[in-house]
1. Stick to the Cα atoms of region 1-77, pair each with every other, and give me the Kirkwood hydrodynamic radius in Å at one decimal.
2. Under a plain spin-label model, where a point goes 7 Å from the Cα along Cα-to-Cβ, how far apart in nm are residue 182 and residue 19?
3. If you take the Cα atoms of region 14-53, find Rg, then find the Kirkwood Rh from the mean of 1/r over all pairs, what is Rg/Rh?
4. What ranking, highest mean first, results for peptides 105-115, 119-129 when packing means the other Cβ atoms within 10 Å averaged over each residue?
5. Taking the mean number of other Cβ atoms within 10 Å as a proxy for protection, how do you rank 75-82, 23-30 from highest to lowest?
6. Please give the Cα centre distance for region 45-90 versus region 113-129, rounded to the nearest Å.
7. Helix-only estimate, please: 222 nm mean residue ellipticity of the chain, summing -39500 (n - 2.57) across DSSP H runs of length 4 or more and dividing by its residues, to the nearest 500.
8. At residue 31 and residue 163, where each label point lies 7 Å from the Cα along Cα→Cβ, what is the point-to-point distance in nanometres?
């Protein structure tokens, strides 16, 4: 069946990379995209904030998109160590990840905080990738669907459209662990997310839904074939040119 939504493969570099390695990684991905000649999918890299400008320059003109890993809800102010969505946009970023489970866990971010950050992304002209996902305890208790519904309703701002929103499902227990849900479990989760979105917005059928959590070249094709999966939010594998491109190819 032909895809009706444009696939997105997003690399979350997390707190990894110094300038030399980051430039080599970015240039390698840009070269790979050019050689593959893909025009039917989006490749996005989200480096640490310190590297956004350098990576922008490294991929310039290649078609590779650049985004941030987080932003503050405010446009400016006394928020030491934070970065505003407008600052990311000023560097040329097009996307920003909000609500990643590592932010929710390490920094105590609530759904309300994530929603405010998504609104900040819109304010600055960025496309937010809103992350949701259950813990292992929540899954084992049979609460996966209720957790996803709560996080969606709390994290996605009113007024969302398909052009202004990407949702990434990342089961917390699969991030960086090497464990992945079955294809059926991924499909069920994404179908549930799509159903919940349908009760929140008119264009739910066109919102891109990404899967994240131990995605790699060897399992990408199976994961990307699951129902309602429109791409991937990739962690560790996005730090290797060949792995990231293999995932992009699998779409």
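Since every read-out is calculated from the coordinates, none of them should be taken as a lab result. Please read these numbers as outputs of a predicted model, since none were measured by experiment. Note that we place each Cβ from the backbone using ideal geometry, even for glycine, and neighbour counts take in every protein chain shown.
1. By the Kirkwood definition, the hydrodynamic radius is 13.5 Å.
2. Using points 7 Å along Cα→Cβ, the separation is 5.1 nm.
3. Checking Rg against Rh, the ratio lands at 1.02.
4. With the highest mean Cβ count within 10 Å placed first, the list reads 119-129, 105-115.
5. Answer by packing, highest mean first, reads 23-30, 75-82.
6. Each part's Cα centre sits 13 Å from the other's.
7. Rounded to the nearest 500, the figure is -11500 deg cm²/dmol.
8. Simple spin-label model gives 3.7 nm for this pair.
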